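Student: Take this structure, written in structure tokens, and hold onto it; I'll ask about it next.
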Amino acid sequence: MFDLSGLNKEQREAVEATDGAVLVLASAGTGKTRVLTSRIAYIVSQGLCSINEILAVTFTNKAAKEMKERAISLLNQTSVFATEQNTEALWIGTFHALALKMIRPLHDKFRRTSNFAIVDADDQVRIIRKIIKEFGIDDKKYAPKQMSFYINRWKDQCRDPDDAKIGIIRFSAEEVASKIYKPYQDTLESLDAIDFGDILKIAIEVFKYNPEVLLKYQDKFKYIMVDEYQDTNAAQYIWLTLLSMSHGNICCVGDDDQSIYSWRGADVGNILKFDRDFKNPTVIRLGQNYRSTGNIISAASGLIANNSMRMKKEFWTDQEEGLPVIVKSLQNPTMEANFIAALIENKQKNGLKFSEMAVLVRTAVQTRAFEERFLTIGIPYTVVGGVKFYERREVKDAVAYLRLAVNQDDSLAFERIVNLPKRGIGSTTMNKFFELSRSDGISLPSAARRFENPKLTEFFRKLDKWGSEIDTATPSDLMKRILIESEYLKMLQDSKAIEDEARIENLDELITALKGFESVREFLDYISLVLDNSDSTIQDRVIISTIHAAKGLEYHTIFIPGFEENIIPHKKSVTEKGDIGVEEERRLCYVAITRAKKEAYITLCNRRNMYGSYDFSQFASPSRFLYDLPKNCIRILQ
């Protein structure tokens, strides 16, 4: 049997509620991951289903990995799991990873081959740029990245090209995007590819037009569990609803007070209407915070109570009251950065690690003053949100080689690396490839194979060799040989540029990363889904992060600078969304404050110019949220 003695009353209630729909409202720091993983172990130990009949979904690879490891650890403590060790078949992962796992074997149902590629954001923009050019559209007025934003949003809403044209303003950027949506989808099909936004949308369409497939997965998954339900968008909501509708055994864990991602399609309404979507749901509120001191909890509770669109809940802790939340007004951003830097330096000298402190900003433009000050006085720091490993140019080049080895008709991969290193394939030659590709309806690589070119012939000879080794060579060994035999590595080694030394190191790291995968195909699917930006080389450094990026994390001490009108709440949110925007901005403040375990500092400036050096004549007003904080849990420094 699974031991529940370590859970509090509400946590235990959530674990033991195994029948029907369950909504666990988990305020910040109340142990939601513990509830989810304990629930998995409890259900399996009770013999209600096997571990492989549970679908557990979250948003990031990091969260999915943690959930899987903790669930397996708990299951290993039960006698039941000793005979049920098939952990490879666990369905615990991100929405997109699990949906991709479902649809890849069903490729024929959406007109793709088994080796279909998943294009990333850069490739998506490149495709859209070509379509815009073909249509004679001004790409300066209608930027490809902007067009991709609209298309991705429509996919998150499960809207087809025809649906996207409904209700849009004429002559707007959105109307232009709606016109290129279908050509973009046609291009993806011709490339034997899908993009990130297609994954859930295709899964839903496959379920819709193939009821036997939906029934198969409904029968397979006896229980469905969802983390961070408040962050789900329309496609994720529909996917979950379809999978759970036959038995209704769905448990969603979330906190409407931490819904801060509307800009990427999240709909807080999904959690607010849970009791209308699912029949006779059980609603359990986790209110005991295990992270923060009493004053931090009181400040956060008093703040968020001013929101009207929320599910009422208690939020409390039995920890000591601790220090009050400190509020300090400074003259300008430079003095604000100096004040915070001095506090960080002093706390580090008194034994607190740099990595236990975080500066949480509302907008990225705020980081400049802190970076300059930290560099000046020698405080080590890292800015969360830099270029991700798998988005670095040299890594994407290497991955393109692998993609082309797996699928030799991958036109996007071919276009990226055919002249890396240089093989004399310039724009004139590439245009000939494109013309033949379009006229004969074949892939770009197939078109290129018809041309006489010694270097190209040698390239394809090597490509054929690498392709024949896909299923026999280890991914890391194959990658190493490709980099050497293609002379890509030599190109970097011969370079005089300092940055190419770092690129070689990154490729070494890529080879190391490949050692953790059974096959090249598994690796390619994985990197298409990577969302995290973790850097294992960072040791003891202060974190500078946006509040959005800090959600789910915790620190001993946090600093929230820029507590002013137009910053938080952000001017754009208030202007475009009115009261709804203000409430989301207040939730952002709530998330920021609840990242702190022991100490929280709020700073604001009397004068600030967000777009250049500050101007003494430009006054800043204190944030309206400052007046939401209960006076008995804050201290204003003079």
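Student: In degrees from 0 to 90, rounded to the nearest 10, what is the angle of the helix 198-209 Cα long axis to the longest principal axis of the chain?
Tutor: 80 degrees
Student: Which net charge results when you count Lys and Arg as +1 and Asp and Glu as -1 among the other residues whose beta-carbon is under 9 Å from that of GLN258? Show your work: numbers first, answer last.
Tutor: Numbers: positive: LYS551, ARG587; negative: GLU228, ASP231, ASP255, ASP256, ASP257.
The answer is -3.
Student: Next up: Compute the angle between helix 144-156 and the longest alpha-carbon principal axis of the chain, please, reported from 0 to 90 degrees and rounded to the nearest 10.
Tutor: With rounding to tens, the tilt is 70 degrees.
Student: May I ask you to list the trypsin sites (Lys or Arg not before Pro) in segment 119-215 that are in a DSSP loop and have at most 11 other Cβ atoms within 10 Å of their Cβ?
Tutor: Taking segment 119-215 and a limit of 11 other Cβ atoms within 10 Å, the loop trypsin sites (Lys or Arg not before Pro) found are LYS140, LYS141, ARG170.
Student: Using a ≥ b ≥ c from the Cα gyration tensor of segment 204-285 (square roots of the eigenvalues), is it rounded, prolate or oblate, where a/c under 1.5 gives rounded and otherwise the larger of a/b and b/c decides, a/b for prolate?
Tutor: Cα axes put segment 204-285 in the oblate bin.
Student: Separate question: For segment 1-142, how big is Rg over Rh, using alpha carbon atoms and the Kirkwood form of Rh?
Tutor: Working: Rg = 21.2 Å, Rh = 18.3 Å.
With Rh from the inverse mean 1/r over Cα pairs, Rg/Rh is 1.16.
Student: Counting only heavy atoms of protein chains, what accessible area per residue, in Å², does segment 281-408 have with a probe of 1.4 Å?
Tutor: With all protein chains present, segment 281-408 gives 42 Å² per residue.
Student: Give the total of Lys-Lys pairs in segment 127-251 with Cα-Cα distances below 20 Å; include a pair only if its members are 8 or more places apart or on different chains.
Tutor: For segment 127-251, the number of qualifying lysine pairs is 29.
Student: What order, most packed first, do the peptides 212-225, 392-405 have when packing is the mean number of other Cβ atoms within 10 Å of each residue? Working shown, then result.
Tutor: Details: 212-225: 16.8, 392-405: 21.6.
Output ranking for 212-225, 392-405: 392-405, 212-225.
Student: I need the calculated FRET efficiency for the pair LYS490 and LYS145, taking r as the beta carbon distance and R₀ as 35 Å, to the nearest 0.05.
Tutor: 0.55
Student: In degrees from 0 to 90, rounded to the nearest 10, what is the angle of the helix 520-529 Cα long axis to the longest principal axis of the chain?
Tutor: 40 degrees
Student: Quote the FRET efficiency, to the nearest 0.05, computed for ASP138 versus ASN632 with a Förster distance R0 of 51 Å and r equal to the Cβ-Cβ distance.
Tutor: Step by step, r from the Cβ atoms, then E = 0.30.
Student: Across segment 393-510, what fraction of all alpha-carbon pairs, as a whole percent, falls in each successive 5 Å bin from zero upward?
Tutor: Histogramming segment 393-510 at 5 Å steps yields 2, 11, 22, 23, 19, 12, 8, 3, 0 percent.
Student: Would you kindly calculate the mean projected area, averaged across all directions, of the convex hull enclosing the Cα atoms of segment 431-482, in square nanometres? Could the numbers behind the result be given before it?
Tutor: Numbers: hull surface 17.4 nm².
Projected over every direction and averaged, the Cα hull of segment 431-482 covers 4.3 nm².
Student: In nanometres, what is the gap between the two model label sites at PHE460 and THR376, each 7 Å from Cα along Cα-to-Cβ?
Tutor: In this crude label model, PHE460 to THR376 measures out at 6.1 nm.
Student: Using just the helices of the chain, give the 222 nm mean residue ellipticity in deg cm²/dmol: DSSP H runs with n ≥ 4 each add -39,500 (n - 2.57), and the total is spread over all residues, rounded to 500. Provide the component values of the computation, followed by the final result.
Tutor: On the way: 28 runs with 299 residues, N = 638.
Calculated mean residue ellipticity at 222 nm is -14000 deg cm²/dmol.
Student: Report, to two decimal places, the Cα Rg of the chain normalised by 2.2 N^0.38 Å (N = number of residues).
Tutor: In units of the 2.2 N^0.38 Å rule of thumb, it is 1.03.
Student: Further question on the same structure: Roughly how many Å² of VAL383 are accessible to a 1.4 Å probe, to the nearest 10?
Tutor: 50 Å²
Student: Roll a 1.4 Å probe over the protein heavy atoms and report the accessible area of ARG368 in Å², nearest 10.
Tutor: About 130 Å², ignoring ligands and nucleic acids.
Student: Something else now. Mind checking the per residue accessible area of segment 151-266 for me, 1.4 Å probe, whole number of Å²? Could the numbers behind the result be given before it?
Tutor: Working: 4400 Å² over 116 residues.
Averaged over the residues of segment 151-266, the accessible area is 38 Å².
Student: Subtracting the Cα-Cα distance from 0.36 nm times the residue separation, let me have the gained length for GLU205 to SER439 in nm, one decimal. Provide the component values of the computation, followed by the final result.
Tutor: On the way: separation 234, 0.36 × 234 = 84.24 nm, distance 3.11 nm.
Taking GLU205 through SER439 to full extension adds about 81.1 nm, to one decimal.
Student: So who's got an amide H within less than 5 Å of the one on VAL22, skipping anything under 5 residues away but keeping other chains? H placed 1.01 Å off N, in plane.
Tutor: Under 5 Å from the amide H of VAL22 lie the amide H atoms of ILE250, CYS251, CYS252, THR282, each far enough along the sequence or on another chain.
Student: Let me ask you something else. Summing +1 for each Lys or Arg and -1 for each Asp or Glu, what net charge is found among the other residues whose Cβ lies under 12 Å from the Cβ of LEU106?
Tutor: Numbers: positive: LYS101, ARG104, LYS109, ARG111, ARG112, LYS216; negative: ASP108, GLU205, GLU212.
With Lys, Arg at +1 and Asp, Glu at -1, the net is +3.
Student: If you take the square roots of the eigenvalues of the alpha-carbon gyration tensor of segment 264-406 and sort them as a ≥ b ≥ c, do you get rounded (a/c under 1.5), prolate (a/b over b/c) or oblate?
Tutor: oblate
Student: Let me check something: with ligands and nucleic acids excluded, how do ARG541, ARG291, ARG595 order by accessible area (1.4 Å probe), largest to smallest?
Tutor: ARG541, ARG291, ARG595
Student: Probe radius 1.4 Å, ligands and nucleic acids ignored: give me the carbon and sulfur share of the accessible area of the chain as a rounded percent. Before the final figure, lay out each step's value.
Tutor: Numbers: 14650 of 29030 Å².
Accessible surface attributable to carbon and sulfur in the chain totals 50 percent.
Student: Using 0.36 nm times the number of residues separating SER308 and ASN76, minus their current alpha carbon distance, what extension gain do you get?
Tutor: Length difference between fully extended and current span is 79.1 nm.
Student: Grab the Cα-Cα distance for LYS62 and LYS109, subtract it from 0.36 nm times how many residues apart they are, and report the gain in nm with one decimal.
Tutor: 13.8 nm
Student: Estimate the FRET efficiency between GLU175 and ASN350 by the formula 1/(1 + (r/R0)^6), using the beta-carbon distance for r and 56 Å for R0, to the nearest 0.05.
Tutor: The calculated FRET efficiency here is 0.40.
Student: In the structure shown, do any of LYS273/LYS312; LYS9/LYS598; LYS551/LYS571 have a Cα-Cα gap over 23 Å, and if so which?
Tutor: LYS9/LYS598
Student: Moving on. Which value, in Å² and to the nearest 10, is the accessible area of ASP122 when all protein chains are kept and the probe is 1.4 Å?
Tutor: My reading of the accessible area for ASP122 is about 80 Å².
The values are calculated or read from the model by the stated rules, or taken from the named source; none is laboratory data. Keep in mind that this is a model prediction, so the values were computed, not measured. Because the Cβ atoms are built from the backbone with ideal geometry, glycine has one as well, and the counts that use them run over all protein chains shown. Only protein heavy atoms, including side chains, enter the accessible area calculation; ligands, DNA and RNA are left aside. Shrake-Rupley method; radii C 1.70, N 1.55, O 1.52, S 1.80 Å.
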